[in-house]
Amino acid sequence: MKVLVGAYASVPSDASWDQQAEQLFYRQLKNNPYIDGLEIPFTGKLHKFDNDWFYAQLDERWRYVITCIPGTMGELSKDPHFGIASNNEAGRLKAINFYRQANQAIKQLNNHFNKPVVTHIQIHSAPTLNAQASSSISALVKSLQELQNWDWHGAKLVLEHCDAQRETYPSEKGFMRLEDEISALTIANQHAKHTLGITINWGRSAIEARSADGAIQHMELCIKAGLLTGLIFSGASSQSALYGSWKDSHMPPQINTFDQPINKDSALNEREINRCMQLQQLANLDFVGCKISILPQQQSLANRVRYIEETVAMINHARLSITTK
């Protein structure tokens, strides 16, 4: 099974750019036969430092999924009303314009390879719900129907569910409830030529539920609605000193193949990956991937690559154990 990797969360560059290390990082990922593409963040551009340099590191054999969550959170830091689900029309239109920029970024990346290499773009039901900002199914439907009418240059629109706002504890993203997102997509898809699906991020669903059961519950809801399109494994923890308590910090899973077990306090482990992969409809997903952040930042390049490779191997092993039963 081929796995998509959100490598941007693991790159050996932080505030400053280590061009040589990052080049070697991508080169080593390209050598892994079980990795078939990247999840790329869109923030107004596709690379933090240099788009053209970044394109040169990519593999024409790979496929690419654009995620707009980093850019969305950046825009929300400037305007709490920003988002395609916003009841504030100015904030909603800002989000539409943001996705128009993402649309052009897809075109540019495809043009670099002279073929369509971007298969999906992940959009999000911002804004964060609070005393300042509100959202609604009707506002989201209005935005989705507009986006569905655009030419996405071969890419499929998918809505990635992020943790919803809860009254009992603080949220990380605080976007719409999955049930409301499903309702909006069901309405928008009724007469659409190009229908939308939903992506589940394991860690964000666990954060919302404060439980490893969150992802299973969300996947089952999406399967019942016929909307589950993708799954990204990204961990979380109730008590990690390094990654935080129920923080969206892309914590790696528990890994037992190092000299000593790694991330023992991660809620994501081999058992939970197996549980997800055993769901009946998973074989029909457009993509399965992982996105992990390697902390502390001083971790070596070799460790960064190995963490990714071990996570990819866990996903592949889970899939293989099901197909051989």
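Magnitude of the charge dipole for the stretch 110-213, about its Cα centre and with charges confined to Cβ atoms of Lys, Arg (+1) and Asp, Glu (-1), is about 280 debye. Residue pairs exceeding 32 angstrom between C-alpha atoms, taken from LYS45/LYS224; LYS115/LYS264; LYS115/LYS173; LYS48/LYS94; LYS193/LYS247; LYS94/LYS156: LYS45/LYS224; LYS115/LYS264; LYS115/LYS173; LYS193/LYS247. For a paramagnetic label modelled at 7 Å from the Cα of LYS193 toward its Cβ, which residues of the stretch 209-237 fall within the zone defined by backbone nitrogen distances under 20 Å? Nothing falls inside the zone, counting backbone N under 20 Å.
The separation of the stretch 283-313 from the stretch 60-93, counted between C-alpha centres, amounts to 24 Å. Hey, in the GNM for the chain with a 10 angstrom Cα cutoff, which one of HIS218, HIS112, HIS120 fluctuates hardest? Result: HIS112 has the largest fluctuation of those listed. Residues of the chain were split at every exposed loop site, defined as GluC sites (Glu not before Pro) in a DSSP loop with at most 16 other C-beta atoms within 10 angstrom, and the longest piece left, sites excluded, is 168-325. Applying both filters, DSSP loop and at most 14 other Cβ atoms within 10 Å, to the trypsin sites (Lys or Arg not before Pro) of the stretch 187-227 gives LYS193.
Among the chymotrypsin sites (Phe, Trp or Tyr not before Pro) in the stretch 1-71, those located in a DSSP loop and surrounded by at most 16 other Cβ atoms within 10 Å of their own Cβ are TRP17, TYR34, PHE49. Only Lys, Arg, Asp and Glu carry charge here, each on its Cβ (+1 for the first two, -1 for the last two); on that basis the chain has a dipole of about 460 debye about its Cα centre. Approximating the spin labels as points 7 Å out from Cα along Cα→Cβ, the GLU146-to-SER134 distance works out to 2.0 nm.
Measuring nothing but how far apart in sequence close Cα pairs (under 8 Å, 6+ apart) lie, relative to its length, the chain scores a relative contact order of 16 percent.
Under the combined filter of DSSP loop state and at most 14 neighbouring Cβ atoms within 10 Å, the stretch 143-206 retains these chymotrypsin sites (Phe, Trp or Tyr not before Pro): TRP150. A simple spin-label model places the labels of ALA15 and GLN165 3.3 nm from each other, with each point 7 Å out along Cα-to-Cβ.
In the chain, if the dipole is taken from +1 on Lys/Arg beta carbons and -1 on Asp/Glu beta carbons about the Cα centre, which of HIS47, THR229, ALA206 is farthest to the positive end? Farthest towards the positive pole: THR229.
Quick note: the coordinates plus some simple rules give every number you see, no bench work behind them. Everything numeric in this text was worked out from a predicted model, so none of it was measured. FYI the Cβ positions are ideal-geometry reconstructions off the backbone, even for glycines, and counts take in every protein chain you see.
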